[in-house]
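**Student:** Mind looking over this structure? Questions follow.
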């Protein structure tokens, strides 16, 4: 670990000398580590040291702070390493962006690190004796020599093609580009670059604004999937939920043609025709202006706005979008009467080739509603570099054989750029294509030379996110394979080519970053000298400005903004498509994002939050549309146009527009490793027309029509839910709030008073809930009388409370549980047989009658640790029993596998090991040494992360105290972006979980039917309904 | 009630009985060998299936989340049910002095023992870690670990092992005098030795007969409560749980009636071919079939009543989970299984109200197989349908039949058939002693061939 000696662990659990307990603990965990198969190749030389490194004690966790690089949000992470290996990625509480939570994608970065199909050493393209393409290993020196040689010939242009880069890496590449005369090309399909352009027009500041979802009384989102993938989903989900759980939740309207995770959380979900949102946005502006809104707007601009919008009535918007006038009036009324509101736009439904108008209109709505400086902030916007036109310029250069060296890093245009752009064909025309990818993806597959870079958990870097947050990316472990830091490689090439810049001390990117920070650190007025600041940064993972900058901004609306908002009929490339062709609606999901996450089995097996489909791609179709084509659920669908073809199974749902076919992007890889290949037949990007948006920054996703035919394959759609409806069983309960009463509260800004401690309501617990809680407690006289002696929990009584109003269904907890508890991934075939192993699942129910307002519930379900557990008495060998701390304990060693416990479990949370599960090396390096791996034939289930409880109790005992509230955080609780889950001691009257369990919204699932007395309480979801809007 | 020896003028006498029964023990014909070969190959299929499951884990079976019990427990309950009527016919009817039992009870008893032997395999097959099956036994151990006496599965262990012990003992005791007859007429050295050992030195002395009859009566009395208890305990495997469709107080009588129903049907299924093959028509006569037909009618009605009661209580309880379960059974994904059960167990036996069919041997043979199928599906419905639709709709699921399920199911029939085949060739499958009890003893005038 000498190569990362600079990093400072934030928490080192090392004591003063080794006590007997510690010795045994170390002995135990190292033995366990041995047993789970930690037989690595590189780490072996770490432990034989006679005097161990201070920061490394065998079996003791060391946590490193870093920054997540999975999407461009820049969440802070803490990486738990044991014996020199990263075993868990958690959100960093101190980071103001994510505040402790982390999405599924971020947590699954571990599986990208340990991907068995990662590139293991430098490779050179060659052909085998039969002329087939293959990559042969070469040495680093040979690889560098080739690159240098190619750069030496300057007759043609050099290109540096990257994904969205940030901070020092951006600086490094700019310097390198300047020295070598290279052109930088940035392309990342997931970055909402149009929003940056729209902000420039309306606010005069280029970049992505910051949004405060917690301050808005009314949120109207035009397709922005801000709870799942849009810009910074963990941050937005948290602030959305912070308001949601108060007594005065915001009224949230989502307009989109396909139900997204965000739409599922909306109070009002409006299904508008694809590309028609601009009518609604303009009609709303007009209506609001007529109602006297926007008095603060420059009169000239106001006049212009009135002029532009005067012809667009709400009625016309209703006709164009297909949304009923009544609902549009509701939205208009809500926006009009709200004190603070927020309008956002984004996602596929706005990604037409002329989407700028809608984004500008959304910004103007914020201007008219005077939200800028209240809920929208443009003082420190995030810069966006991505540019589709620069990539097209590269393709043109390639086609003209004018490209010399093309360096590719952190982007996969061969997958994410539609094949109609012919990138794949043209790239090979470059003299030398050098890929720095760490995975053999579609673009790396086209390279002449692959210099594999470290995974971001092995790399150095930094991120400048919103709000003056600067965070550091630092290696958490020695590289798994023979790979190098990308920054180091650039510096090496620079030095070997004799360039003056970029350069850094020792040729290390780490020093480059440090130098870079030294130049900029003054802006963080932290006091002290740079060295101590640097040290602190490494410990904390970054420097975070104490408060968000929320001053009012001067709005400089450019004239072009007015031009942009003119009505543009959405245009769809329909060449070769029959008249009844559907609009293709490719969408991003947390499962595969833009395809970068497809090589992670955790995410492949994660049920899609809306459809509950695993291990596949699918096409969402409205039943009416499907009936027209003659398709049933699960039938093969061939989606075809002149650009390509995709074959996927059909998923019929009422919650897509009849005119579209919605397919998630990210599946259908032809390369990128064993888990990504063969999942989903065909890449959806390849169906898109070669269109670049009018701003030139993005490739519009909503731009193409396709023919939809019955396929002739025989696909198997694996859906993990047994029923879409909860059949009135009151499992996931929702409190319907009358929006009319809220409207008044919002108008007066009353919600400030609603912010309770820990975000829970201020309602005094009503009698019902209080009694309900004490049912398990036989010392209380209240509550229904129990026939038998009740369980006693003298010291601790562990319990959990889950706030369904705050739960968005994002499934971060599912991945956290999987990572923490060594839960195997079983694959599509076993999932189809109902043999998935997840201890925690998010149940999704849709319970509205046809024609009623959409009512989606997400219900996280894990072992309820019942005090009257049905599983316990039926086990013939006492393999499961109730312990004195209220845990339903499971003894794997004692289990003989009668599976009666699972049959009798009312919550169906027990999982059986149908076989001896396996992790292909090095995926097994991720296994948590604190948790046993279960063998074939035994039952398993959620333990409330009992190893963490034991750890906390040991620590408390050493310090002569009780475990503090919040000290134990099971993986799910820790990871939750919205803090919907609370865990703690129900015996402690001051604990958060006790208070939450006594809330008037609290209930226990099935308890009133079968008296199981679960230790998990749920707090009812909330939905606002406007019965009568005027 | 008519029985063997009633004055019908047929020449059933001691000699005929001896000859007919002992003829069964003659050296095997190729047909017998074919039958044994068939059974052994089915056993081999079962053995291969089980081996695959032990090696590769329970993934080989069709179980899933949430249907954690499937064909194995169905088979277990099916075979325990079959085992039932043997004891009913031999012990209970013995105590009631129902003489129609005499020619059939030995076969029924053999069926009982072998069915329990078959049933007993399934809890083992069904274990995730079969190599630790002995943890279910309360054996003293250094870890002072005891099984959980609250678990119905443990009661099962006791109930089934007790039943096996008692029914085997009862069976063997009844066999002793008959084996002695076989011993006396055995020709081959092997048989002579086999029967000499197994007849336990029976000489037919007065004191031996005295002890024998009181022991038989005693074991009949001991076995009688087991007829009720075993299947009641098996039904508690379900009734003690809180699974909608399982948790019902009606289960013990319902299961016992069903067990007798299926057991009698199985006796008919076995008796008809054996009667034909070994030419037992003189001993096993239409009257016996008529009696069994009546037993089938009674138990079929009880079973049908129990089905209706289940539906009624689900409706009356107003419990949404129960209600859904009992809507699901006839109209859900597995409705076919329900309707097979309903037809086979409730509709088809109604034909027996037509009296001539009660003694129509081909019809009875078909009906008995139909009932066996129906009773297998009854257990299938109870187990799989209930588990498929429990409390949490998200976790509703389906079973995936695999070749291992099928292999072990047919293997069980092979295993049972193997024991039966071997038994009829080596031991008297019809009780010589008891039939003789009701025949006039051979006297001088009887030689003329005129009975009383």
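The values are calculated or read from the model by the stated rules, or taken from the named source; none is laboratory data. What you are looking at is a predicted structure, and each value in this text was computed from that prediction instead of being measured. Don't worry about glycine lacking a Cβ; one is built from the backbone with ideal geometry, like all the others, and counts go over all protein chains shown.
**Student:** Among the residues of segment B:402-410, is there at least one that is outside any helix (DSSP H, G or I), within 14 Å of chain A (Cβ to nearest Cβ) and more than 20 Å from the chain's Cα centre (by Cα)? If you could, list the steps in order and put the result at the bottom.
**Tutor:** The initial filter retains those residues of segment B:402-410 that are outside any helix (DSSP H, G or I), namely B:402.
From what is left, the residues that are within 14 Å of chain A (Cβ to nearest Cβ) are B:402.
Among the residues that remain, those that are also more than 20 Å from the chain's Cα centre (by Cα) are: B:402.
Yes, because at least one residue in segment B:402-410 is outside any helix (DSSP H, G or I), within 14 Å of chain A (Cβ to nearest Cβ) and more than 20 Å from the chain's Cα centre (by Cα).
**Student:** Please state which of the following conditions residue B:46 fails to meet, knowing it meets all the rest: (1) farther than 30 Å from residue B:393 by Cβ; (2) buried (at least 21 other Cβ atoms within 10 Å of the Cβ); (3) within 14 Å of chain A (Cβ to nearest Cβ).
**Tutor:** Of everything listed in (1) farther than 30 Å from residue B:393 by Cβ; (2) buried (at least 21 other Cβ atoms within 10 Å of the Cβ); (3) within 14 Å of chain A (Cβ to nearest Cβ), residue B:46 misses just condition (3).
**Student:** Within segment B:88-99, is even one residue surrounded by fewer than 22 Cβ atoms within 10 Å (Cβ to Cβ), free of Cβ contacts under 8 Å to residues at least 12 places away in the same chain and within 14 Å of chain A (Cβ to nearest Cβ)?
**Tutor:** no
**Student:** Let me ask something else. Checking the structure you have, find out if any residue of segment B:139-148 is touching a strand residue (DSSP E or B) at 6+ places or on another chain (Cβ under 9 Å), buried (at least 18 other Cβ atoms within 10 Å of the Cβ) and within 14 Å of chain A (Cβ to nearest Cβ).
**Tutor:** Within segment B:139-148, the first condition is being touching a strand residue (DSSP E or B) at 6+ places or on another chain (Cβ under 9 Å), and the residues that meet it are B:148.
Filter once more, keeping what is buried (at least 18 other Cβ atoms within 10 Å of the Cβ): B:148.
Among the residues that remain, those that are also within 14 Å of chain A (Cβ to nearest Cβ) are: B:148.
Yes, segment B:139-148 contains at least one residue that is touching a strand residue (DSSP E or B) at 6+ places or on another chain (Cβ under 9 Å), buried (at least 18 other Cβ atoms within 10 Å of the Cβ) and within 14 Å of chain A (Cβ to nearest Cβ).
**Student:** Ok, one more. Exactly one of these conditions fails for residue B:251: (1) within 18 Å of the chain's Cα centre (by Cα); (2) crowded, with 21+ Cβ neighbours inside 10 Å. Give me its number.
**Tutor:** Going through the list (1) within 18 Å of the chain's Cα centre (by Cα); (2) crowded, with 21+ Cβ neighbours inside 10 Å, residue B:251 breaks only (1).
**Student:** Pull up segment A:875-886, narrow it to residues that are crowded, with 23+ Cβ neighbours inside 10 Å and touching a residue at least 40 places away in the same chain (Cβ under 8 Å), then point me to the one that is farthest from the other protein chains (Cβ to nearest Cβ).
**Tutor:** Per the stated criteria, the residue is A:886.
**Student:** Taking segment A:964-991 only, how many residues are within 27 Å of residue A:103 (Cβ to Cβ) and in a loop (DSSP other than H, G, I, E, B)? Don't jump to the end; show me each part of the working.
**Tutor:** Applying the first criterion (within 27 Å of residue A:103 (Cβ to Cβ)) to segment A:964-991 yields A:965-984.
Within this subset, residues satisfying the condition of being in a loop (DSSP other than H, G, I, E, B) are A:965-970, A:976-980.
Residues meeting the conditions: 11.
**Student:** If you don't mind, there's one more thing I want to ask. Tell me whether segment B:310-320 contains one or more residues that are within 14 Å of another protein chain (Cβ to nearest Cβ), part of a helix (DSSP H, G or I) and within 30 Å of residue A:909 (Cβ to Cβ). Talk me through it step by step, then tell me what you get.
**Tutor:** Step one: filter segment B:310-320 for residues within 14 Å of another protein chain (Cβ to nearest Cβ), giving B:317-320.
This time we only want the ones that are part of a helix (DSSP H, G or I), so: B:317, B:320.
With the extra rule that they be within 30 Å of residue A:909 (Cβ to Cβ), the set shrinks to B:317, B:320.
Scanning segment B:310-320, I find at least one residue that is within 14 Å of another protein chain (Cβ to nearest Cβ), part of a helix (DSSP H, G or I) and within 30 Å of residue A:909 (Cβ to Cβ), so the answer is yes.
**Student:** Quick check: is even one residue across segment B:70-82 closer than 25 Å to residue A:826 by Cβ and in a loop (DSSP other than H, G, I, E, B)?
**Tutor:** Checking segment B:70-82: at least one residue is closer than 25 Å to residue A:826 by Cβ and in a loop (DSSP other than H, G, I, E, B).
**Student:** Looking at A:994, A:961, A:934, which one is more than 30 Å from residue B:132 (Cβ to Cβ) and either in a helix (DSSP H, G or I) or in contact with a helix residue (DSSP H, G or I) (Cβ under 8 Å, 6 or more places away or on another chain) (or both)? Please lay out each step first, then the result.
**Tutor:** Working: A:961 fails: either in a helix (DSSP H, G or I) or in contact with a helix residue (DSSP H, G or I) (Cβ under 8 Å, 6 or more places away or on another chain) (or both); A:934 fails: more than 30 Å from residue B:132 (Cβ to Cβ).
So the residue among A:994, A:961, A:934 that is more than 30 Å from residue B:132 (Cβ to Cβ) and either in a helix (DSSP H, G or I) or in contact with a helix residue (DSSP H, G or I) (Cβ under 8 Å, 6 or more places away or on another chain) (or both) is A:994.
**Student:** Among the residues of segment A:918-938, is any surrounded by fewer than 21 Cβ atoms within 10 Å (Cβ to Cβ), away from every other protein chain (no Cβ under 14 Å) and over 30 Å from residue A:84 (Cα atoms)?
**Tutor:** The answer is no, given that none of the residues of segment A:918-938 is surrounded by fewer than 21 Cβ atoms within 10 Å (Cβ to Cβ), away from every other protein chain (no Cβ under 14 Å) and over 30 Å from residue A:84 (Cα atoms).
**Student:** Collect the residues in segment A:997-1030 that are within 24 Å of residue A:945 (Cβ to Cβ), in contact with a strand residue (DSSP E or B) (Cβ under 8 Å, 6 or more places away or on another chain) and part of a loop (DSSP other than H, G, I, E, B), keeping them in residue-number order.
**Tutor:** Listed by number, the residues that qualify are A:999, A:1004, A:1005, A:1015.
**Student:** Just to be sure, is residue A:911 on the phi > 0 side of the Ramachandran plot and at the interface with chain B (Cβ under 10 Å from one of its Cβ atoms)? So that I can check it myself, show each step before the final result.
**Tutor:** Details: on the phi > 0 side of the Ramachandran plot: no; at the interface with chain B (Cβ under 10 Å from one of its Cβ atoms): yes.
Taking the combined requirement at face value, the residue does not satisfy it.
**Student:** Among the residues of segment A:626-654, how many are out of contact with any strand residue (DSSP E or B) (no Cβ under 7 Å at 6 or more places or on another chain) and either outside any loop (DSSP other than H, G, I, E, B) or under 18 Å from residue A:256 (Cα atoms) (or both)?
**Tutor:** Count: 4.
**Student:** If you scan segment A:402-440, which residues turn out to be more than 25 Å from residue A:640 (Cβ to Cβ), in contact (Cβ under 8 Å) with a residue 40 or more places away in the chain and not in a strand (DSSP E or B)?
**Tutor:** Answer for segment A:402-440, where residues must be more than 25 Å from residue A:640 (Cβ to Cβ), in contact (Cβ under 8 Å) with a residue 40 or more places away in the chain and not in a strand (DSSP E or B): A:402, A:410, A:411, A:430, A:431, A:436, A:437, A:438, A:440.
**Student:** Then there's this: Looking at residue A:305, is it part of a helix (DSSP H, G or I), crowded, with 21+ Cβ neighbours inside 10 Å and either in contact with a helix residue (DSSP H, G or I) (Cβ under 7 Å, 6 or more places away or on another chain) or touching a residue at least 12 places away in the same chain (Cβ under 8 Å) (or both)? Explain how you work it out, then say what you get.
**Tutor:** Working: part of a helix (DSSP H, G or I): yes; crowded, with 21+ Cβ neighbours inside 10 Å: yes; either in contact with a helix residue (DSSP H, G or I) (Cβ under 7 Å, 6 or more places away or on another chain) or touching a residue at least 12 places away in the same chain (Cβ under 8 Å) (or both): yes.
Here the answer is yes, as residue A:305 does meet what is asked.
**Student:** So, residue B:161, is that one at the interface with chain A (Cβ under 9 Å from one of its Cβ atoms) and within 30 Å of residue A:877 (Cβ to Cβ) or not? First the steps, then the outcome.
**Tutor:** Numbers: at the interface with chain A (Cβ under 9 Å from one of its Cβ atoms): no; within 30 Å of residue A:877 (Cβ to Cβ): yes.
No, not satisfied.
**Student:** Answer yes or no as to whether residue A:918 is over 30 Å from residue B:136 (Cα atoms) and either under 24 Å from the mean Cα position of the chain (by Cα) or modelled with pLDDT under 95 (or both).
**Tutor:** Details: over 30 Å from residue B:136 (Cα atoms): no; either under 24 Å from the mean Cα position of the chain (by Cα) or modelled with pLDDT under 95 (or both): yes.
The answer is no for residue A:918.
**Student:** Could you tell me which of the residues A:399, A:403 is farther than 28 Å from residue A:456 by Cα and surrounded by 24 or more Cβ atoms within 10 Å (Cβ to Cβ)? Steps first, please.
**Tutor:** Numbers: A:399 fails: surrounded by 24 or more Cβ atoms within 10 Å (Cβ to Cβ).
Step by step, each of A:399, A:403 is checked, and only A:403 is farther than 28 Å from residue A:456 by Cα and surrounded by 24 or more Cβ atoms within 10 Å (Cβ to Cβ).
**Student:** Tell me yes or no: at least one residue of segment A:821-830 is farther than 30 Å from residue A:793 by Cβ, at the interface with another protein chain (Cβ under 8 Å from one of its Cβ atoms), buried (at least 19 other Cβ atoms within 10 Å of the Cβ) and within 32 Å of the chain's Cα centre (by Cα). Break it down into steps so the answer makes sense when it comes.
**Tutor:** Going through segment A:821-830, the residues farther than 30 Å from residue A:793 by Cβ turn out to be A:824-830.
Adding the requirement that they be at the interface with another protein chain (Cβ under 8 Å from one of its Cβ atoms) leaves A:830.
Next, from what is left, pick out any that are buried (at least 19 other Cβ atoms within 10 Å of the Cβ): A:830.
In the following step, the residues that additionally are within 32 Å of the chain's Cα centre (by Cα) were identified as A:830.
Yes, segment A:821-830 has at least one match.
**Student:** Just to check your reading of the model, which residue among B:234, B:228, B:256, B:267 is free of Cβ contacts under 8 Å to residues at least 40 places away in the same chain and assigned to a helix (DSSP H, G or I)? Quick ask: steps written out before the conclusion?
**Tutor:** On the way: B:234 fails: free of Cβ contacts under 8 Å to residues at least 40 places away in the same chain; B:256 fails: free of Cβ contacts under 8 Å to residues at least 40 places away in the same chain; B:267 fails: free of Cβ contacts under 8 Å to residues at least 40 places away in the same chain.
Going through B:234, B:228, B:256, B:267 in turn, just one is free of Cβ contacts under 8 Å to residues at least 40 places away in the same chain and assigned to a helix (DSSP H, G or I): B:228.
**Student:** Evaluate segment A:893-906: report whether one residue or more is in contact (Cβ under 8 Å) with a residue 40 or more places away in the chain, under 15 Å from residue A:839 (Cα atoms) and within 7 Å of chain B (Cβ to nearest Cβ).
**Tutor:** Scanning segment A:893-906 turns up at least one residue that is in contact (Cβ under 8 Å) with a residue 40 or more places away in the chain, under 15 Å from residue A:839 (Cα atoms) and within 7 Å of chain B (Cβ to nearest Cβ).
**Student:** If you go through segment A:278-301, how many residues are farther than 16 Å from residue A:562 by Cα and in contact with a strand residue (DSSP E or B) (Cβ under 7 Å, 6 or more places away or on another chain)?
**Tutor:** 1
**Student:** For segment B:49-82, which positions are surrounded by fewer than 24 Cβ atoms within 10 Å (Cβ to Cβ) and more than 30 Å from residue A:918 (Cα to Cα)?
**Tutor:** B:74
**Student:** Could you check residue A:864 against (1) within 14 Å of another protein chain (Cβ to nearest Cβ); (2) touching a strand residue (DSSP E or B) at 6+ places or on another chain (Cβ under 7 Å); (3) surrounded by fewer than 23 Cβ atoms within 10 Å (Cβ to Cβ) and say which number it fails?
**Tutor:** Among (1) within 14 Å of another protein chain (Cβ to nearest Cβ); (2) touching a strand residue (DSSP E or B) at 6+ places or on another chain (Cβ under 7 Å); (3) surrounded by fewer than 23 Cβ atoms within 10 Å (Cβ to Cβ), residue A:864 violates only (3).
**Student:** Any chance segment B:357-367 includes a residue that's within 14 Å of chain A (Cβ to nearest Cβ), assigned to a helix (DSSP H, G or I), out of contact with any helix residue (DSSP H, G or I) (no Cβ under 7 Å at 6 or more places or on another chain) and over 20 Å from residue B:305 (Cα atoms)? Show your work before the answer.
**Tutor:** Filtering segment B:357-367 down to residues within 14 Å of chain A (Cβ to nearest Cβ) leaves none.
Checking segment B:357-367: not a single residue is within 14 Å of chain A (Cβ to nearest Cβ), assigned to a helix (DSSP H, G or I), out of contact with any helix residue (DSSP H, G or I) (no Cβ under 7 Å at 6 or more places or on another chain) and over 20 Å from residue B:305 (Cα atoms).
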